[in-house]
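The values are calculated or read from the model by the stated rules, or taken from the named source; none is laboratory data. All values reported here derive from a predicted model rather than from experimental measurement. For neighbour counting, all protein chains shown are included, and Cβ atoms are generated from backbone atoms with ideal geometry for every residue, glycine included.
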Amino acid sequence: MEFGTSGVLSEDGIHVDMDRLKKGEVNLGTSIMAVTFKDGVILGADSRTTTGAYIANRVTDKLTQVHDTIWCCRSGSAADTQAVADIVQYQLGLYHMVNGRPPTTQIAAAVFQEIAYANKDRLTAGLIIAGWDARHGGQVYNIPLGGSLHKQPYSIGGSGSTYIYGYCDANWKEGMEEAEAVAFVKEALKEAIKWDGSSGGVIRMVVLTEKGADRHLYLPDSDYKVRHQ
Amino acid sequence: MAAMFSQNPLMNGPNYSFNDAPRTAAPEGARQHRFDPYTDNGGSTLAIAGADFTIMAGDTRLTSGYSINSRYHPKLFKIGGTTADQKDATIVLSVVGFAADGEALKERLDAICKMYRYRHGKPMSVKACAQRLSTILYQKRFFPYYVYAILGGLDEEGKGAVYSYDPVGSYEREQCRAGGAAASLIMPFLDNQVNFKNQYEPGSGVGHALQERERKPLTRSEGEVLVKDAFDGAVERHIEVGDGLQMMVITKDGIEEVLLPLKKD
Amino acid sequence: MFRNNYDNDSVTFSPQGRIFQVEYAAEAVKQGSVVVGIASKTHAVLVAIKRNAEELSSYQKKLFPIDEHVGIAIAGLTSDARVLSNFMKQQSLGHRLTYGRNMPVRTLVDMIGSKAQINTQHYGKRPYGVGLLVAGVDDHGPHLFEFQPSGMTEEMVAFAIGARSQMARTYLEKNLEAFADCGREELIRHGLKALKESLVQDRELTIDNTSVAIVGVEKQEDGTTKPQPFMVYDGQDVSAWIESVADNQEAAPAAAEGEGMDVDS
Amino acid sequence: MDHRPQAWGRPRDDVYGAYDHSYLQNSGPKQATQAPIVTGTSVIAMKYKDGVVMAADNLASYGSLARFPDVKRLRVFLDSSVVGFSGDVSDMQFLDRHLTDLSIDEAYEDPSCTAAPNGKGHLNAANLHKYLQKLLYKRRNDFDPLWNQLLIAGFDGHSKPYLASVDLRGTSFTSPSLATGFGSALAQPIMRRYAETEEDAAKLTREQAVEVIKECMKVLYYRDARSLDRYSIAVVTKDGVELKEDEQLEKQSWAFAERIKGYGTQTV
Amino acid sequence: MTSIGTGYDLANSIFSPDGRNFQVEYAMKAVENGSTSIGIRCKDGIVLAAEKVITSKLLKQGANKRIATVDRHLGIVYSGMIPDGRHFVDRARDEARGWRDNYKTPISTKDLAGRMGGYMQAYTLYQSVRPFGITAIIGGYDSELDTPVEGEVGSGPSVGAGGKVEGKKHGGPFLYMVEPSGLYWGYYGAATGKGRQAAKAELEKLDLSSDGESSLTLEQAVKEAARIIYVAHDDNKDKEFELEMTWISGADGPTKGRHQEVPEALRKEAEKYAERMTAKDIEEEEETKEGGDKMEE
C-alpha cells in the first residue's frame, strides 16, 4: 500500500502526514510527544515549521493550550491543527461556564476526536492531547490521522517520531519523577531532531500538575542543557 | 463498471466476473473513485417457465475474488407473502451479481408487495410485480443495483411466467433465462434443450428440407433434470459456481423448495 | 357555546388540573361501536361489532391487521384510526427490515402513545378521536393494549371500548381468572359473549355485523415458539363461532368443555 | 488477492489495473470517500456445538508501523453477542459507541434487561447482524463507507449458535467458520478442515474449537506481517460471553531455523 | 384560588395582577391528583418507588411500568398525567443521548436535572403550549470511578494516572425533583402526587443526610420506600395498588451502577415489611382511638 512516493519507506503510511498536505501548505513536519509521570503529564515538541525544504519558522510553539491544564501537541497541517485547537478551546471554555466545573482531559479528548473523525477527509491533523485534572490526574490521548482515539501512558507523533520508537520503548518507565521525565522527553526529542530533517530548533515543554502549567525551553546552541524558561 | 456488463463470452473466455488479463495502468486522464461500491459475488441463476409451473434455480456459493465466503447463501427469495416466512408467497425473485444490492432489492420489492397487500387487500400479480421491479431498478439508473434479477411465478391464466432483467431495469418475459457468472455457459444449453434450437428431425433431409424438431413444452420432471444438468455443467467449468443448488418450483399449489448438492471444489 | 371557559382547546388546564378537550375526545371513543379484546397465555383475540350507516350500505370495518404479529380494533373516528394504523404499519415494517424480527408490541404501542400526547400539549392540534385495542405477540408472548386519545396506553388482560362497553367489561371482569389458560376457540367465545353483553336490546350477533381476529404463538417441534399470524375473520367464517355462543346453544359447548359458566343466565 | 484493509473497497487491480496514486494529492471540496489509516488485521471465528469462538490480535497498525499494540478489537453486546472488528480503528470506535447507544435503547424497554443476559425479547446476534448490515450498506450507498469488515457471533432466534459477517459494502453472509482479511486465505482453510458444514461444527467441543482458533492465530502470526502475538479471544455461550483480552500466543515453532543454512548449497 | 374566573387563568404564560401563572398552578393540581411517587437518596444509592393505583381489574398485573430508564445510570419516576410523563422521559433520553454524543461520557444527574428543568420551564412560556401535568423525580448514580472516553482504545500507565488529588470523592447518588414550573431542587428524599404530605413526613424521619452509622443503607432504603408508599396510600384506602420500585447502586453495589428494577425477592420482602409496619401503626392508632378494633381485609 503506497500512500505516496516521497517517503523513505515505500510501504509505511508514516509519511502520510506530509503527503496529504495540500499544495503550498505549511507543514509541521514535527517531533512531538507527551508523557505521564508521577505528578501529572509533560508535553514536548521541537520548533521547526517547513514548506518543502525551507524552514518557514524556526521557533514555532507547537504546544497549544485548550484549557487551564489541558494542552495539545499539534502535527500535520499547521492551519488545520490551529483551527481545530481554536474550536476545542472555545468548546471547553463554554463547557466550563455552562456546567460550572472545568472539563476533564476525557472531555477534551472527546471533543477533539469528534472533530477529527467527522472531518477526516478534509483534515491533516495528528494530535496528542495531554491534561491534568484533580479527579483523573495526568493523562495522555493520541488522535492520529483518521480520527481514532488512543489512550496511552506516553505518546509520540510527527515525522520525527519514527526515529525514536525504539529509544522511547527501551527507556520508558512508569511513574517517573518530574526531573526524570523531563530528561526522558528531552533526550527523545534530541534524537528525533538529530535524525529527522523536518524537526529541529529549540525544545519546548509544558509540565502539567496540580500546580498548573509550567513551561520549559531548551536551546540547541547550549546543547539543550540549560533551561531558559 | 466494465466488469458489470461483461456478459460477453467472446471477450474473456469462460467469463469470470473478474478478468485475468495482464494488468494495465488506468488510462491517462481517467478519474477513479478511491472507493468502489461494487463487487461481484459470483454465482449463477436460472429459470424455466412451463405450461403450469415455473422452475427457479440458483447455486448457493458466495465468492469474492478467489475466496469462497459462504457455501450456503441463497439467491432465490419468495416475495410478497403475508408473513416473514413467506409461507403463502406465489412469486420468486432470483438475484445474482453484487449480493448486498441483491438483498436490498429483494427487501424493497417484498416491502412494496406487502404494502400493496395492506392497501388493496389482495396479493400482487406477477405481471404487476414484474413491472414494479423494472421501475425500482430504473429509478436507480445512475447508481444501479448491480444485480441480474429474474422474477418467476404463474400468470393470470396459470401459465408459468419468467421475467428477466438487466441491472437498470430493462425486462422481458421469456421461456427461460440464465443469469450470473455462468450464464454464458448455461444459456446455449437452454436454447437447445428448452427451445429446441438447432434440433432437427433425424433423417428429414438436408438444407431447406431439414425439419425443425417439434417444440413441446417441458414437463416438470424434465425441467428439473435439465436444471440439475445445467448446473453440473456450469460447476465443472466455472470456479464461482458450486456448493449447493437451490431450486424452487412454483405451481398453483404453492412453492416447493429443494436443495441439492453440487461439487464443492 | 362552550360548557365552560376551560374547554376551548387542549392547551388549557381547568382549575382542577383537567384538560377538557382530551376528555371530550375520549367521549368520541364511546360513540364508536363496541370492540372487545382478550389475551391468554397463547393467544390474543379481538372481536367487534360492525355498524352500517343504513340498511343497504356496507359495514364499517373495525379490525385491521398491522403486521403479521399485530393487529388493532378501533372505536371512534375511523379516519383518525387510519392515520395511526398506517403509522404503525410503517413502523413495524421498518423495524422488521432493520432488525429482522417482530417489533415488540409495547414499543409499537408506546410510539402511538407519544404521537398522541403531542396533540394534547400544542395549540392548533386536536387529540385523536379514537381508541384502539392492540393485540399482538412477540418474544414475551401475546399482549393486549388499550390506547386512549390522551396518549395513555396500558397493557390489559382483557378490555372493551366503545358504545355500551361497560357491560362487556363487567363480563370480562367476572371471567378474568379463566382467560389465561383458554385455548383459541374458547377465547373467541369469551370475546363474543362479552360482545353480546354490550348489544342493544333486540340486536343480535350476525355474520354481517361481527368480526373476529386472532393472533397467537405456536409451540414448534424444536421447543421454540412461532407466531401464528394475525388473521381477521368476517362473514361466513365467523358463523360457527356465533352459533356456538347463541343463547339456545349456551348449554351445549359449555358442557363439552366441562366448564360450567352461568354468566348469561 | 490483496487482503489488507488498505486494499478493501478499492477498484480491484485485476479488473482495473493498478491505482494511480497521484490522484491522492487532490485538493478541493469534500471527498466523501476516504481511506483506512489506523487499521486492525484479521478477525477469525468458528461455531461449535454450544456456541461460537472468536479471536483477533491486539494490534492497530499505521501503514507498516506497529503503532498501537494494545487495541482490543472484540466487543461484547448486551452480554450475549460479540462483534469482532477488522479494518479502520476510527470507524470501529464509531461503531462501538453506536452499539452502546443501541444497548441503552434496549434498556429503555424494561429496566431489568441488563441484569439478564440472553433475556427474551432483546436484540440477539442475528438481529444485531441485520442491523449492522443495514448500517454499513447505507454508508456505502452514501459513498461514505465504514471501512471495516465485522464478524458477529452469538445466538439466533431459535437459540442456535450464530455467526455472520458484514463488510464495508454491506455484503453479508454466514458460514460455520468465518475470517476477515488475511484470515480468509490463511485461517479459513484450517477452520474448514474441522467445520466444513454446520453438522461438522455441531460436533465440535468448546476445547476443540478454541484449539483450532489458537492454531489459526499462530499461523496468522507467522504469515501476516501486520499481526501481533498478543490477542483477544471470546467464547459465546448461552450463559453469556467469556472474553479474555490479553492472551499470549503459545507453543510457537521457530527452533527449526537452526537447520536452515544459506539459501542453496551452503551447509555452514 | 381567589382569582379563578377573572380571566388571567385562561391561557398559559399570562401573569395575573398579583404575579401568578395560573395555568402552572392548575398543572400542579393535575400532579396532586396523581398517584404517589417517591425517591430516596441514601449513602450508597438511590431508590425510586411508585404507587400504581389499580384503576381496573382488567389491567395486566406488573406489566405497566411507571418508572423509566433514561440512561444506564439514570431513572425517572413521575406523578400526574402519565402521557406527559412519557413525553418527559423521551426528552430526557434525548438529552442523555445528546450529551453522550457530544462528550462521549454519561451525563451527570445534575446536568440532566438542569436540562429537564429548562425543558419544563419552556412549556410555561408560550400560549401555544401548556405546562407539563407532572412532577418528575430524577435519580442517578454518577460513577465514582474514572470514566473513559466512550470507545477509546488503549490504556494509561499500569500504575495508574499520576497526580490525582487524594482524598476527594467523586460521583455518587443524586436525586432531583422537577415541577411543572420548571423549578428543580436536589433532595435526600422527594415525594410527589396525592400522598406527598404523608410521604414527606415519613421521609423526614429517615436519616439520609449523615454519613454516620445510623444513616440508611440501600437495602434499608428499599424497605422504607415500600413502607412510605404504603403509608402514603393510606388516605386512598378504598383503591388497590401495585408497588413498583427501582434502584441504583454504585459500581460495587448490587446494580453495578445501573438503574434496575428491585429484584422480586427483595421487593416482596419490602412489601411484607411495609404491610407489617403500616398494620402496626394503624393498630396503635385505632387502639388509642377506638380501643383495639382489628383491621379487616
What pairs come up if the first residue lies in the stretch C:188-212 and is closer than 14 Å to C:ARG51 by Cα, the second is among the acidic types (Asp, Glu) and assigned to a loop (DSSP other than H, G, I, E, B), and their beta carbons are under 8 Å apart, counting only those six or more places apart or on different chains? C:ILE207/C:ASP234; C:THR210/C:ASP234; C:SER211/C:ASP234
Inside the stretch B:39-62, the number of residues satisfying the requirement of being aliphatic (A, V, I, L, M), within 12 Å of chain D (Cβ to nearest Cβ) and part of a loop (DSSP other than H, G, I, E, B) is 0
For the stretch E:99-119, enumerate the residues that are farther than 17 Å from E:GLY75 by Cβ and surrounded by 24 or more Cβ atoms within 10 Å (Cβ to Cβ). E:TYR103, E:LYS104
The residue from C:SER85, C:SER10, C:SER33, C:SER57 that alone is crowded, with 20+ Cβ neighbours inside 10 Å, outside any strand (DSSP E or B) and without any contact (Cβ under 8 Å) to a residue 24 or more places away in the chain is C:SER85
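Yes/no matrix, rows are residues, columns are (1) closer than 20 Å to B:SER44 by Cα; (2) modelled with pLDDT of 95 or more; (3) assigned to a strand (DSSP E or B); (4) within 14 Å of chain D (Cβ to nearest Cβ):
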| position | (1), (2), (3), (4) |
| --- | --- |
| B:LYS87 | no, no, no, no |
| B:LEU93 | yes, yes, yes, no |
| B:VAL96 | yes, yes, yes, yes |
| B:GLU103 | yes, yes, no, yes |
| B:MET115 | no, no, no, no |
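Considering only helices (runs of 4 or more DSSP H) fully contained in the stretch D:181-268, which possess at least 3 residues that are among the acidic types (Asp, Glu)? I'd like the intermediate steps shown before the answer.
Values: elements: D:183-186, D:188-194, D:198-201, D:206-223.
Filter on the stretch D:181-268 gives D:198-201, D:206-223.
Would you confirm whether any residue within the stretch D:54-73 is among the β-branched types (Val, Ile, Thr) and touching a residue at least 40 places away in the same chain (Cβ under 8 Å)?
At the first step, the residues of the stretch D:54-73 found to be among the β-branched types (Val, Ile, Thr) are D:71.
Restricting the remaining residues to those that are touching a residue at least 40 places away in the same chain (Cβ under 8 Å) gives none.
Within the stretch D:54-73 (the criterion being among the β-branched types (Val, Ile, Thr) and touching a residue at least 40 places away in the same chain (Cβ under 8 Å)), the answer is no, since none of the residues qualifies.
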Considering D:ILE37, D:ILE104, which residue is surrounded by 24 or more Cβ atoms within 10 Å (Cβ to Cβ) and either modelled with pLDDT under 95 or under 23 Å from E:ARG97 (Cβ atoms) (or both)? D:ILE37
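Would you confirm whether or not the stretch B:3-25 contains a residue that is at pLDDT 95 or above and not in a loop (DSSP other than H, G, I, E, B)? I'd like the intermediate steps shown before the answer.
So in the stretch B:3-25, the residues at pLDDT 95 or above come out as none.
So far as the stretch B:3-25 goes, no, none of its residues is at pLDDT 95 or above and not in a loop (DSSP other than H, G, I, E, B).
What number of residues in the stretch C:108-162 are assigned to a strand (DSSP E or B) and of a type outside the set (A, V, I, L, M)? Spell out the reasoning first.
Let us first name the residues in the stretch C:108-162 that are assigned to a strand (DSSP E or B), namely C:122, C:130-138, C:141-147, C:153-156, C:158-161.
Still in the list and also of a type outside the set (A, V, I, L, M): C:122, C:131, C:136, C:138, C:141-143, C:145-147, C:153-155, C:159.
Within the stretch C:108-162, residues that are assigned to a strand (DSSP E or B) and of a type outside the set (A, V, I, L, M) number 14.
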Among residues of the stretch A:70-111, those that are buried (at least 24 other Cβ atoms within 10 Å of the Cβ) and in a loop (DSSP other than H, G, I, E, B), counted: 2
Sort through B:ALA100, B:ALA161 and tell me the only one that's without any contact (Cβ under 8 Å) to a residue 12 or more places away in the chain, surrounded by 20 or more Cβ atoms within 10 Å (Cβ to Cβ) and touching a helix residue (DSSP H, G or I) at 6+ places or on another chain (Cβ under 8 Å). B:ALA100
Please verify whether C:ARG96 is within 14 Å of chain D (Cβ to nearest Cβ), over 19 Å from C:LEU46 (Cβ atoms) and more than 17 Å from the chain's Cα centre (by Cα), treating the condition exactly as stated. yes
Could you tell me which of the residues A:LEU145, A:LEU127 is in contact with a Ser or Thr (Cβ under 9 Å, 6 or more places away or on another chain) and part of a loop (DSSP other than H, G, I, E, B)? A:LEU145
The conditions are (1) among the small types (Gly, Ala, Ser); (2) touching a residue at least 12 places away in the same chain (Cβ under 8 Å); (3) under 30 Å from E:LYS268 (Cα atoms), and E:SER56 fails exactly one of them. Which is it? (2)
When you scan the stretch C:51-85, how many residues do you find that are basic (Lys, Arg) and over 13 Å from the mean Cα position of the chain (by Cα)? 2
Search result, residues across the stretch A:29-68 that are closer than 18 Å to A:LYS190 by Cα, within 14 Å of another protein chain (Cβ to nearest Cβ) and β-branched (Val, Ile, Thr): A:VAL35, A:ILE42
Could you list all residues from the stretch A:148-172 that are at pLDDT below 95 and at the interface with chain D (Cβ under 9 Å from one of its Cβ atoms)? A:THR162
Just to check your reading of the model, which residue among E:LYS43, E:LYS57 is basic (Lys, Arg) and under 30 Å from C:PRO142 (Cβ atoms)? E:LYS57
Kindly establish whether D:GLN188 is among the polar types (S, T, N, Q) and within 9 Å of another protein chain (Cβ to nearest Cβ). yes
Would you say B:LEU218 is at pLDDT 95 or above and not acidic (Asp, Glu)? no
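Looking for whichever is aliphatic (A, V, I, L, M) and either at pLDDT 95 or above or in contact with a Ser or Thr (Cβ under 7 Å, 6 or more places away or on another chain) (or both) here; the options are A:VAL207, A:VAL226. Which one fits?
Working: A:VAL226 fails: either at pLDDT 95 or above or in contact with a Ser or Thr (Cβ under 7 Å, 6 or more places away or on another chain) (or both).
Criteria check complete, one pass: A:VAL207.
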Step by step: first the residues of the stretch A:119-129, then only those that are among the aliphatic types (A, V, I, L, M) and more than 11 Å from chain E (Cβ to nearest Cβ), then the one that is surrounded by the fewest Cβ atoms within 10 Å (Cβ to Cβ). Which residue is that? A:LEU123
